[in-house]
Amino acid sequence: ISSRAKTFGKCGAIMAESTRRLSSACRLEKQTLASNSDDEGDLESKSERDLRDLQERKQAIGQDMSNVLQLLAEVLDEIASAQVQMCEALQESLVASLESFADLEMKQVSSLKSEAEQITADAEASFAKYLNGRHAQGLGQGMDSWNKVSESVTSQILPTIQQWKHGTLLVSPPLTPKGGSFKTPPPSKSRRQNDKHADPNQVQAATAANLQLTLEQIRLAQASAELKRFQLLKKLVSIKKRRNFELGENALASLHGIRAYFNNCSDLVQGLAPRLKRIQNNQSTSRQKHNSQQAPWEAREDGLVLGLEAVGEAVDKAFANADEIAQGNQDAIAAQPILLEEIEEQTEIWNLPYMLAECSRYQRDPSPGVLVEGWLYKKSSSRMSLQQWSRRWFMMDKDGIYYFHSTAEIKKANGGNGYLHTLERVKICDTVLCMVRELKNDGLRFRFEIVTPNQKPLQLQACGPVEYKMWVDGIRLGAENQLVHGDVSADALMQGLGKKKKKKGESNSTGKTLGSMVEPDRSMSGRSASNGSNDYETGEVVPTPEFRECDREDDSDEAAPEPQASAKGPRNPLVQKILDANPVCADCGKPSPDWACINLGLLVCIECSGVHRGLGVHLSKVRSLRMDALTDSEARLLLCLGNDKVNPIWEAGLENQRGWKKPSGDDSRKAKEDWIKSKYQWKGFLEVDSSDDRDHAERLQQINHDLYQAASKADLLGVTEALAHGADVEWKNHQDGGKTALHACAVSKPASDDDEENWFGIECAELLLQNGAKMKTLDDNHQGTLDCAVIGGGERKMIEFLSARSQ
């Protein structure tokens, strides 16, 4: 009890700390990177950044939600304090008190036991010496031999006599001789010297007196030993009784601590009731407001759909035109433009972003202080880069040109780990020092270079002629105005920049492609990122642009369409095929089963799935096909097996079992439970060869060998049958290098290159893993499953599957 109470206390402390961390997260406190700098200025700037980030987070979610999260944080703090108090109370009652009681009582019992054993041993030894002494002959023939016995006995029990004299035996003191204490008889040598001159009658009387004294001392030692044993027994009985009420009192104290904990929680909940009701009302109001605001978004979506339909109609016309030209229609041939510019102008390929923005009636406000911004393709400066061109969001202000680079940083704060995906703003150069150079058209169009004095030229590609002219003219005009005027308003500088003659369907937004309507993340850090080169440095954070609604007044009176309820479909696209292939439950025949036993390859109804869950995951692993996300290998396994293939294995011997009938969907749960347990737990319906005279060990050896052979051939049904008969997935075939069935499956191959569709190696591996196979099991060559697949030349798909499962 004490040991488990200590563990409970440690777990309770961890739970309380986790609760406090959750409270800190609800307060929107930022997790910061651990810093080795102790500079006061760095700490101050860090504190200011944290405060600014906290204010931005609160502003992002709104004051109402900040108040709700603050309330949740306060409640979590009180819960953490109550948890600590309860754990401390349990530790005090079940650890400190019990251990103190046990240590004290055990110490006393051990001391009593040692004393009792010592006194008993001395008494027994003295009595044994007396029994073996010649006292009868000593009294008749001479006193010398008896005096030796008396001396030996007296020396043996002398410690017991001394304890008796000092009252340490916890009994009343005995009557002592007139001299005041017991005395050890004089040495035998002096007696012999005195015996020469003493009266024989006196000597004989003295010897008899010594004998009588010795016998009384022996009796005293035996009585003392019995007393000590009785005291030990009394102590043990007392401890046995005290143990019960000590445990009871400590358990009662623990229950009081638990009651105090729940009383605190109850008081906390009762105090929250009014605030919870108010928050609930606010949430209902917010939800209704949100639903009412969906009408403008639906209208914009409808506009995009109309724009998409217009593009689709243009595609149909182009397809019909190409078909007519292929058939030799002279009118179509004559009307077909030949020049690239004419084709692009006719298709309006460069006008698509503006047309879609116009259809959606939504555009971005220009960012304050930003001269030009938009998507550009950036060529990597590293020759070893696998991706030469990467799409980046670029922007230019009066100070410099920047692009945003995505990265994932792991930040640690307060001893915890947090993962934060951020955007880094990388500065390319200063506006006043850069020069733009147009590149010739050598297959890659709309390319230009940004040239700076001390850096490598950065090659960029625009998304079209409008964006190309906007960036080239914007960079040149920005550098020129910085050199001439020093500081020019960005709005005045950008008037008319990059514009061309407006066509039908074209909006007023300049330089903004449809992709530019996605704003960069607000959490932009100010770190540098080379991206293949260390020539660029990081600038300051630029405020991100806000969205505005172009026709807010027109959309305010639009009615929100009625939401259409749609059932959530299966997550994996193969799930519907699995459902179609298994129309009835494998155990009761009820239609439309949507629960799967992954390790069995079966589909069952929801009622039978509850029985399967009761069997335990070592027999049946139940998943919902509609609520759980199946991996591709799990879905393919169910699709390849299914009820029609697996049921004949598990029910092959049903005809030999009298009195058993498969239940129907209308039968009781008890009937289904008896059937499922008999079928899977007791394996009562498997086919058994009655003529097989081998013992159990030999049959099991053969089943394990059959599993190994089926896995090596990727025989999915063979593996299923061997597992149903109780094969051990971790059985090693020492005739083949100590490999398991999973090792053999990992190196299996299709029968031929054209027979890959009939190769079920991955499905077999998934079935073995679902039934407890371990990828880390080593063969005689100390190779795991993945090592065996790589070294043994396994299929690439198998290696990729095993590699993914090992992560």
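The values are calculated or read from the model by the stated rules, or taken from the named source; none is laboratory data. Here the structure is a predicted model, which is why all the values come from computation and not from measurement. Every residue, glycine among them, receives a Cβ derived from its backbone with ideal geometry; neighbour counts consider all protein chains shown. We work out accessible area using only protein heavy atoms, side chains counted, and drop any ligands, DNA or RNA first. Shrake-Rupley method; radii C 1.70, N 1.55, O 1.52, S 1.80 Å.
One chain, two ends: Gln70 and Asp50. Fully extended at 0.36 nm per residue, the span grows by 5.5 nm beyond their Cα-Cα distance. Estimated at the nearest 10 Å², the accessible area of Asp323 is 70 Å² with a 1.4 Å probe.
Around the amide H of Val372, modelled in the peptide plane, lie the amide H atoms of Met396, all under 5 Å away and 5 or more residues distant in sequence or on another chain. Measuring between alpha carbons in the structure, the pairs from Lys317/Lys577; Lys577/Lys645; Lys58/Lys378 lying more than 26 angstrom apart are Lys317/Lys577; Lys58/Lys378. Take the Cα of Ala804, step 7 Å along the line toward its Cβ, and report every residue of region 614-650 whose backbone nitrogen sits under 15 Å from that point. Within reach of a label on Ala804, which here means backbone N under 15 Å from a point 7 Å along Cα→Cβ, region 614-650 contributes 629-638.
With K and R counted +1 and D and E -1, the other residues having a Cβ less than 11 Å from that of Pro648 yield a net charge of -3.
Using heavy atoms of the protein chains and a probe of 1.4 Å, the accessible area assigned to Val370 is about 20 Å².
Ordered by 1.4 Å accessible area with all protein chains kept, Lys679, Lys739 run largest first as Lys739, Lys679. Between Trp682 and Ala314, the FRET efficiency from the beta-carbon distance, with R0 = 60 Å, is close to 0.30. Just so you know, the Rg over Rh for region 276-332 is 1.57, from Cα atoms, with Rh as the Kirkwood radius. The calculated FRET efficiency for Asn201 paired with Arg242, based on their beta-carbon distance and R0 = 60 Å, is about 0.50. Placing pseudo-labels 7 Å out from each Cα toward the beta carbon at His290 and Leu439 gives an inter-label distance of 4.6 nm. Charge tally for Leu339 (other residues, Cβ to Cβ under 15 Å; Lys, Arg +1; Asp, Glu -1): -3.
Taking a sphere under 12 Å around the Cβ of Lys228 and counting the other residues whose Cβ falls inside, with K and R at +1 and D and E at -1, yields a net charge of 0.
At the residue level, Cys463 shows approximately 40 square angstrom of accessible surface with a 1.4 angstrom probe and all protein chains present. Pairs spanning more than 25 Å between alpha-carbon atoms, out of Lys46/Lys456; Lys621/Lys662; Lys774/Lys797; Lys107/Lys228; Lys129/Lys228: Lys46/Lys456.
Model label sites at Ala332 and Asp628, defined 7 Å from Cα along the beta-carbon direction, differ in position by 5.5 nm.
For the set Tyr402, Tyr130, Tyr377, the ranking by accessible area, highest first and with no ligand, DNA or RNA atoms included, is Tyr377, Tyr130, Tyr402 under a 1.4 Å probe. Region 292-337 and region 256-288 have Cα centres spaced 58 Å apart. A 1.4 Å probe over all protein chains sorts Leu72, Leu215, Leu638 by accessible area into Leu72, Leu215, Leu638, starting with the largest. Once the C-beta distance of Arg275 and Ser100 is scaled by a Förster radius of 51 Å, the resulting FRET efficiency is 0.70 to the nearest 0.05. In this structure, the residue pairs whose Cα-Cα separation is over 28 Å, taken from Lys6/Lys113; Lys113/Lys241; Lys590/Lys679, are Lys6/Lys113.
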